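First up is the structure itself, then whatever we jot down about it.
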Amino acid sequence: MTSRIDKVVARQREKIASGAYYEAHQQLRVIAARYIKQSNYDAAAEILAGGATALLRAGSQQGASASGGDLAIMLIVEVYIKAGWEIVGGDDDAEGRARKKRLIELLREFPSEEPTRKRFIQEIIGWSGRFGPVERGDPELHHVAGSVYAEDQEPYEAEKHLALGTSESAETLAKLEYEWYTNDEPHTAGLYAARAVIPFLLIGSLRSANKAFLIFTSRLSAANPSLGVQEVSSSSSDVRVFPALPLVNFLNLLLLSIQRGTADLFKQLTAHYATQIKEAGILDDALAQIGEQYFSINIPRQGNPLFDMMGSMLFGGGQGGGRSTPGRGQPRRVEAPSNMELD
């Protein structure tokens, strides 16, 4: 069977190499559909993945990449979902890892300008949430999707995936926000630092929030020696103070207060920096959620503040310094996670 599948894929690749994109696309769909009808999902997956890869590599000429995107979407919708393939996780799930790796490799083949890429990402995240242990989607798939968007300078799309990614996502998001910040006014550093830190606090990942803050501020101080950063040390912590950037200082103290503070300390902190918080214009709902989540401060409000904040802050609502968004298209919202655990 493997030899037969390899021959099928090889023949279609020859057609693709000769420029017969439409013919190869249609034949691959027909052959894959035949195996799907027989419930031979492994064979269908090999055919669709091989054909999609070849078409995506052919580029946008004569719709080759669009045809590749169509086969990639067929792979997840007609094979992965219909077969009920799961992401079990762990060292014993060799098949699951191989199937996920196939999707990751395929995602990286998409040209940045190919419209079907966004649909493919939505489908693989949806599949991983439905058939995996994490309802909001597999963290590794989120990380790869966010990294791809970051590489293509689509920050809003990158943010919403990296916030739900792996332990590596904090570094990727912090670097993305810093690069984005360098095209804005110097005084807006706190806004971009907040975009790197707050999402991780909202999903309960204090470790990632601290990591993102450290990476962002390290780059900030290294690139701007004139900022006059002050080191303040105590028996329990070391703090870098940025006299010209109060919102950055607020984020630093917020992280410290979450680790070892009380509700009164949080209230004092938000009151002291009330002007900067108001000027930021995107932190009110987030801080209400943080107060409730970490300090048990019940603040009456309507709607779902986590959803609203993630929507407004991450997915297009708040922009630093009024600069136009470097991303393309209208941002989309995703459901906020129902479970938030401190790691």
Output ordering of 247-256, 52-61, 22-31 (per-residue mean of other Cβ within 10 Å, highest first) is 247-256, 52-61, 22-31
Quick check: convex hull of the Cα atoms in segment 158-230, volume per residue, rounded to a whole Å³? 82 Å³
Taking a cut-off of 18 Å between Cα atoms, list the aspartates and glutamates near Lys7, but don't count ones fewer than 8 places away on the same chain. Glu23, Asp42, Glu46
Within the under-11-Å Cβ sphere about Leu220, not counting Leu220, Lys/Arg +1 and Asp/Glu -1 give a net charge of +1
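We did not get these values from a lab; they are worked out from the coordinates using the rules stated. All values derive from a computational prediction rather than experimental measurement. Backbone-built Cβ (ideal geometry, glycine too); neighbour counts: all protein chains shown.
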